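Since every read-out is calculated from the coordinates, none of them should be taken as a lab result. What you are looking at is a predicted structure, and each value in this text was computed from that prediction instead of being measured. Here the Cβ is made from the backbone with ideal geometry for all residues, glycine too, and neighbour counts use every protein chain on show.
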Amino acid sequence: VKPGQGEHQLQYSYCMWFSKRTPGNKASSTNYEQNIKTVGCFASVEQFWALYTHLARPCDLTSSSDYHLFKQGIKPMWEDEANKSGGKWIVRLRKGLASRLWENLILAMLGEQFMVGDEICGAVVSIRFAEDIISIWNRTSSDVTISLRIRDTLRRVLNLPPNTIMEYKTHTDSIKDNSSF
Amino acid sequence: GTRIIYERQFLMNLRDSPLAR
């Protein structure tokens, strides 16, 4: 993708993906890859809005759905080259907050608010039965300085209360226990 | 090199630009 004439180019191009886990299907990386579909890619602010405004808001999705917004070339999978040594910050949200906080999160990512070089890989919003979860993925889970900067930026851009619990999980741990959260 | 940084409000303002629709 390329920005159109007169459009505001983003630092990186991104692709939006959507996945929905079918009930009764055991999680595995094979059916994960089958269940995840690209929704669209964009390189400019205008292209982002043109896509985003046509998508259902996270709060209107049914349970077990996820949006994944990743830099172009990075698959939203633990095993991807960019992700395999990485991890993610996880914030659990009570129902009703996901749409607004997801928008704030992705605007911060697209606008390069995290200030961690090319460390950010993407962001995910996960709609579940009793809670929703947003997460932001980075390349190098072993770099504490980077991960703390991401956490602090996340807290600021989401305007989270100081007592909000934020968990960091490496993708190798996710692979080991075959679980995202 | 220089990074392209956009504040939230700037991005919001572009939401209604004709190119975004």
**Message:** Along the Cα→Cβ direction, 7 angstrom out, place labels at A:R156 and A:T53. What is the inter-label distance in nm?
**Reply:** 2.9
**Request:** Any chance you could run the full-extension gain for A:N35 through A:L97? It's 0.36 nm times the residue separation minus the Cα-Cα distance, nm to one decimal.
**Result:** 19.8 nm
**Asked** Taking a Cβ-Cβ separation under 4.7 Å as the criterion for a possible partner, which cysteines of chain A have none?
**Response** A:C59, A:C121
**Message:** For chain A, set up a GNM with springs between Cα atoms under 10 Å and report which of A:M109, A:M166, A:M16 has the largest fluctuation.
**Reply:** A:M166
**Prompt:** Which links in A:K20/A:K88; A:K2/A:K84; A:K2/A:K88; A:K2/A:K169; A:K37/A:K84 stretch past 23 Å when you go from one Cα to the other?
**Reply:** A:K2/A:K84; A:K2/A:K88; A:K2/A:K169
**Asked** Using helices alone, what [θ] at 222 nm do you get for chain A, with -39,500 (n - 2.57) per DSSP H run of 4 or more residues, divided over all residues and rounded to the nearest 500?
**Response** -8000 deg cm²/dmol
**Request:** Among A:V116, A:V125, A:V144, rank each residue by its count of other Cβ atoms within 10 Å, from fewest to most, as a rough exposure measure.
**Result:** A:V144, A:V116, A:V125
**Complete:** Residue by residue through region A:94-110, the couplings from Karplus 6.51 cos²θ - 1.76 cosθ + 1.60 with θ = phi - 60°, in Hz, x for Gly and Pro, are 6, 4, x, 9, 4, 4, 5, 6, 4, 4, 4, 5, 6, 5, 5, 5, 5
**Asked** Can you run phi through the Karplus equation (6.51, -1.76, 1.60; θ = phi - 60°) for region A:132-146 and list ³J(HN,Hα) in whole Hz, with x for Gly and Pro?
**Response** 10, 9, 10, 9, 10, 9, 10, 6, 10, 5, 7, 8, 5, 4, 4
**Fill in**
Per the Cα gyration tensor, chain A corresponds to an equivalent ellipsoid with semi-axes, largest first in Å, of 22, 20, 18
**Item:** Separation between Cα centres of chain B and region A:123-162, rounded to whole Å
**Value:** 22
**Fill in**
Mean other chain Cβ within 10 Å across B:9-16 is 5
**Item:** Where labels lie 7 Å past Cα in the beta-carbon direction, separation of A:V1 and A:R149 in nm
**Value:** 2.6
**Request:** Starting from the amide H of A:R128, placed 1.01 Å from N in the peptide plane, find each other amide H under 5 Å away whose residue is 5 or more places distant or on another chain.
**Result:** A:S64, A:I133
**Request:** Please turn the phi angles of region A:118-126 into ³J(HN,Hα) values with the Karplus equation 6.51 cos²θ - 1.76 cosθ + 1.60 (θ = phi - 60°), one per residue in order, whole Hz, x for glycine and proline.
**Result:** 9, 5, 6, 9, x, 9, 9, 10, 10
**Request:** Rank the residues A:F48, A:F42 as a footprinting-exposure proxy: fewest other Cβ atoms within 10 Å of their Cβ go first.
**Result:** A:F42, A:F48
